[in-house]
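Worksheet: the structure to be examined is printed underneath.
What follows draws every value from the coordinates through simple rules; no lab data is involved. Keep in mind that this is a model prediction, so the values were computed, not measured. Here the Cβ positions follow ideal geometry from the backbone for every residue, glycine too, while neighbour counts run over all protein chains shown.
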Amino acid sequence: MRCPACGLLNSHVVDSRAIQQGRTIRRRRECLACTKRFTTYEAIEEEELMVVKTDGRREIFDRGKIMQGLKLACTKRMVSIDQLHELVDRVVYYISNLNGREVSSSKIGEFIISELRKIDEVAYVRFASVYRDFKDRGEFQDELKQLESQEVDSVIEDHSKTH
């Protein structure tokens, strides 16, 4: 592996660990010439996954698009970049197990919404409002009411378990 600092092709592995549910190996390497440390990733090359958009168009699945949307939804929220990477990894894992080379954008979006809701409710509402294309304030308020209703149900359920 070529060192990004000095360009030498000689390095050794310092640490290896599996990530993305074992689908990728992350390796920390150290250049034998300049001792610079850098990270590489090893993954199985898979067939390209196609996303079927709502208008019927097909495009190649792009992790970067999901990450960009999540970063926007999480702007000024207490959500770390590591949490976002883990969420994108869960999305990739989810869609790779759907038994097909095509997946609808709506399936991906709903999965992201359900996972993002567990991390940050404000980011969840932001993402949902763009993804579900809220047309007016009423649709936004309906989503918030549903969120509040589910919170109340959860509190009642927790309370009944403890008593």
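A P(r) calculated from all alpha carbon pairs of region 1-104, with 10 Å bins opening at zero, reads 13, 32, 30, 20, 5, 0 percent. Taking other C-beta atoms within 10 Å as the exposure proxy, K145, K36 rank K145, K36 from fewest upward. On full extension, the segment bounded by S80 and V122 gains 13.7 nm, given 0.36 nm per residue less the C-alpha separation. Mean separation of Cα pairs under 8 Å and 6 or more residues apart, divided by the residue count, gives region 1-103 a relative contact order of 20 percent. For region 105-113, putting each phi into the Karplus relation 6.51 cos²θ - 1.76 cosθ + 1.60 with θ = phi - 60° gives couplings of 5, 5, 5, 5, x, 5, 5, 4, 4 Hz, in residue order, rounded to whole numbers and with x for Gly and Pro. Remark: C-alpha extents of region 50-132 on the principal axes read 35, 23, 19 Å, sorted largest to smallest.
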